[in-house]
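Heads up: the structure comes next, in structure tokens.
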Amino acid sequence: MSSSDLVELAKRRGYFFQSAGAYGGVSGFYTYGPQGATLKDNIEDSWRDRFQRREGHREIDAPTVMPEPVFEASGHLDTFDDMLVECPECGASHRADHLVEDNTDIEEAESISIPDIEDLIADHDLQCPSCGAALGGEPVEEFNLMFETNIGPGSSSPGYLRPETAQGIFVEFPQLAEYARNQLPFGITQIGKAYRNEISPRKSIVRVREFTQAELEHFIDPTEDEPDIDRVADVELPLYPAEKQEEEDGTEYVHKTVQEAVDEGLVHEWVAYYLGVGKQWYESIGVDMDRFRFRQHLSGELAHYAADCWDAEAEVGAARSAAEDSSGDEPRDGGDWIEITGYAYRSDYDLSKHDEYSDDDFTVFKQYDEPKVVERATVDPDMSYLGPEFGGAAGDIADALEELAERDRAAFEDDEITVEVDGEEYTLPAEKTGFSVEEQKETGEHVMPHVVEPSIGIDRVIYTVLDHAYETDEVEDETRSYLALEPGVAPTFVGVFPLVSKDGMDDRAREIADDLRAEGLDVTYDDSGSIGRRYRRQDEVGTPFCVTVDDETAETVTLRERDSTEQVRVPIDDLPEVLADLREGEVTFAELDAPKAEQ
RNA sequence: GCGCCGGUAGUCCAGUCGGUCAGGACGCCAGCCUUCCACGCUGGAGGCCCCGGUUCGAGUCCGGGUCGGCGCACCA
């Protein structure tokens, strides 16, 4: 369906709409309506079940605001802080630091101050890459993609709204590792809002300034932990490797099972494992596998933290006729491919950075099976000598001695030892160094875990699920449009109607609706207009089943399925169980052992 | 942020040259009627994106803003 059709339906039927419309709306912010919020809940619950509960991981809930040092360590402060210069002639915006790097010998221009960058542009007579106009004298503007705020009164403690939920997990790693009893591997999930002050929000809820991420950070020991590939070995992956994308006509997908992808070295084993988990999940919530692929990041596209990355992508807005072509091997025209998940092998990037920048230890101590005995050269400098002799340099000299002992124990065979500190040479008698070679028992080592991260954009998944669910067909010579949402995620699960509002049928229907609600189902009651109109209404919001009371005294009701519009008769007493089974996927409508209803 | 195009009930649209042109359809609400697939009857509520300007008079013309679509840039 076209994007405008989807946006229109979403607004009309309460899925999502632009926020604060009464005040003219604000770009990049959306509100999920009564249907959409429930659909979102259902998809999030399903994600928890697949990526968390069934994998044995645990969820945390960290703040959305974090202090500045967190983002200094994570690298977001630098990489988010773009310097833009605008061409006075053609209006194009360019990264000022990139211009300088490309046209001078300067590297790392990102760390240069704005006035200096402006001077460099003027001094080198840099020109607009688009039209060639001179850029000297044009102001360089700073654009930070993180929302900034102040923590507490005053501006002495800047904070930022998190641009990804992941950092909330990484910064708490020491405490989380303690919870996990310092045993690798373990996984922590988080689902919540993240914020990016996008320059240009686009395409409805696909690119917004506030969005929901569902992330798993799986911490592993890179030297010995392996995924349990068997769990997903046979899952078929539609892969779109980097090399295929770079080909002239790079449209061929490679279909491999998880096992094959790992065996052939095409995908990192941990990433491949989660591609398998992910594919099962997308399929279960109604993403059309004919409009789905895993695309490998091109080397220049990799994030600052990623060692390898595959995106799950879905094609949305594709024409109906194309969707019905089930060959599946060729990408189709007409739709846009959007990223719905990033599967990144983040190595130890994040933990190393936080280990370096913070006061805490972001490693895990791994005990050896057998303690190792190692011979180690150590020093124990006589500080009562070094202090009076060398004054303030004494501490640095002691450190230098320790470093020298590890590097070159032969140096201690002389009577006098010389070390260099800040360009100065210091010489002292060997006996004052306390040098010795000892046998030490090592019981283990500190390991910096690596991180495997499936990072799901919930809003984009919702958009995809709605886009792929939209169907039209012919019923009684009339065109009908409906959302073929999976029963497991549909926000309204069953509509309950009286065939006509008289003879007590409406009261009976209300009772049934109440009973089904008591069973935990999402139920809507409707007695307005004609029965056909009510069916169509529910079809369009994607309600998979409708129950109609057609005789107050009868002990059965009709149960209608949305996609086929077929009906069966079901005893009222059995309804809760039948519907619960349908919702859980224990049985399909076609498999129900029930007589067809006459219409 | 730049360029092009656009903004009229909940939704989709009509609205001429500036002058009873604010209209249609669907949807919604109320009543009636109705025994299985949105188009039975009657009645009703609801709108010119915002601010300013031109004019005797602005939905209509102009400027700015805002929101949206597309393209460029950006998307760590």
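The values are calculated or read from the model by the stated rules, or taken from the named source; none is laboratory data. Quick caveat: nothing in here was measured; it's all calculated off a predicted structure. Cβ atoms come from the backbone with ideal geometry, glycine included; neighbour counts cover every protein chain shown. All accessible areas refer to the heavy atoms of the entire protein, side chains included, with ligands and DNA or RNA removed. Shrake-Rupley method; radii C 1.70, N 1.55, O 1.52, S 1.80 Å.
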State the Kirkwood hydrodynamic radius of chain A in Å, one decimal place, computed from all pairs of distinct Cα atoms. 28.9 Å
Taking 8 Å as the Cα distance limit and 6 or more residues as the minimum spacing, I'd like the relative contact order of chain A as a percentage. 12 percent
What list of ³J(HN,Hα) values in whole Hz, one per residue of the range A:344-361 in order, does the Karplus curve 6.51 cos²θ - 1.76 cosθ + 1.60 (θ = phi - 60°) give from phi, with Gly and Pro shown as x? 10, 9, 8, 6, 9, 3, 5, 5, 4, 5, 5, 4, 6, 7, 9, 8, 9, 9
Give the average over all directions of the projected area of the C-alpha convex hull of the range A:492-591, one decimal, in nm². 5.6 nm²
Report the extension gain between residue A:54 and residue A:150 in nm, rounded to one decimal, defined as 0.36 nm multiplied by the number of residues separating them, less their alpha carbon distance. 30.6 nm
Modelled label-to-label distance, residue A:564 and residue A:502, 7 Å Cα→beta-carbon offset: nm? 3.4 nm
Can you give me the % of accessible surface on chain A that is carbon or sulfur? Probe 1.4 Å, all protein chains present, nothing else counted. 41 percent
Going by amide H atoms built from the backbone, whose H comes under 5 Å of the H on residue A:566, apart from near neighbours? A:561
Explain nothing, just the number: dipole magnitude of chain A about its Cα centre with +1 on each Lys and Arg Cβ and -1 on each Asp and Glu Cβ, in debye rounded to the nearest 20. 3540 debye
Can you give me the Kirkwood hydrodynamic radius for the range A:422-493, using every pair of distinct Cα atoms, in Å to one decimal? 20.6 Å
Residues of chain A: accessible area per residue at 1.4 Å, in Å²? 49 Å²
Could you compute the FRET efficiency for residue A:372 and residue A:175, with r as their C-beta to C-beta distance and R0 at 51 Å, rounded to 0.05? 0.95
With n ≥ 4 as the cut-off for DSSP H runs, can you work out [θ] at 222 nm for chain A, using -39500 (n - 2.57) per run divided by the number of residues, rounded to the nearest 500? -8500 deg cm²/dmol
Between helix A:114-123 and chain A, what is the angle of the helix's C-alpha long axis to the longest principal axis, kept within 0 to 90° and rounded to the nearest 10? 80 degrees
How do the peptides A:282-292, A:209-219, A:369-379, A:195-205 rank, highest first, by the average count of neighbouring beta carbon atoms within 10 Å per residue? A:209-219, A:282-292, A:195-205, A:369-379
Can you tell me how much longer the chain between residue A:125 and residue A:421 gets when fully stretched, taken as 0.36 nm per residue apart minus their C-alpha distance, in nm with one decimal? 102.2 nm
Which distance in Å, rounded to a whole number, links the C-alpha centroids of the range A:455-503 and the range A:532-585? 14 Å
Which cross-chain or sequence-distant (5 or more) residues have an amide H under 5 Å from the amide H of residue A:495, H modelled 1.01 Å from N in plane? A:524, A:545, A:546, A:547
Calculate, in nm to one decimal, what residue A:101 and residue A:269 gain on full extension: separation in residues at 0.36 nm each, minus their alpha carbon distance. 56.8 nm
Between residue A:142 and residue A:284, how high is the FRET efficiency from 1/(1 + (r/R0)^6) when r is the Cβ-Cβ distance and R₀ = 51 Å? Nearest 0.05. 0.70
Treating only the Cβ of Lys, Arg, Asp and Glu as charged (+1, +1, -1, -1), what charge dipole size does the range A:368-445 show about its Cα centre? Round to the nearest 20 debye. 180 debye
Relative packing of peptides A:410-418, A:534-542, A:254-262 - highest average C-beta neighbours within 10 Å first: A:534-542, A:254-262, A:410-418
What is the angle, in °, between the Cα long axis of helix A:531-541 and the longest principal axis of the Cα atoms in chain A? Nearest 10 is fine, range 0 to 90. 10 degrees
Provide the per-residue ³J(HN,Hα) series for the range A:156-165, in order, calculated from phi with Karplus coefficients 6.51, -1.76, 1.60 and θ = phi - 60°, each as a whole number of Hz, with x at glycine and proline positions. 7, 10, x, x, 9, 6, 4, x, 7, 6
Cβ neighbours within 10 Å, averaged per peptide: list A:22-34, A:441-453 in order, most packed at the top. A:441-453, A:22-34
What share of the DSSP beta bridges in the range A:492-591 is antiparallel, in percent to the nearest 5? 55 percent
Please report the spacing between the Cα centers of the range A:219-265 and the range A:1-33 in Å, no decimals. 37 Å
So, over other residues within a Cβ distance under 15 Å of residue A:149, counting Lys, Arg +1 and Asp, Glu -1, the net charge is +1
Taking H placed 1.01 Å from N in the peptide plane, check which residues at least 5 places from residue A:366 or on another chain put their amide H under 5 Å from its amide H. A:445, A:446, A:447
Greater than 32 Å apart at Cα, pairs in A:502/A:596; A:203/A:244; A:11/A:279; A:40/A:366; A:11/A:596; A:256/A:372: A:40/A:366; A:11/A:596; A:256/A:372
As an exercise, use a Förster radius of 60 Å and the Cβ-Cβ distance of residue A:45 and residue A:441 to find the FRET efficiency, rounded to the nearest 0.05. 0.75
Using the Karplus curve 6.51 cos²θ - 1.76 cosθ + 1.60 with θ = phi - 60°, work out ³J(HN,Hα) for each residue of the range A:59-69 in order, rounded to whole Hz, and write x for Gly and Pro. 9, 10, 9, 9, x, 8, 9, 10, x, 3, x
Using only Cα atoms and rounding to the nearest 10 degrees, what angle (0 to 90) does helix A:575-584 make with the longest principal axis of chain A? 40 degrees
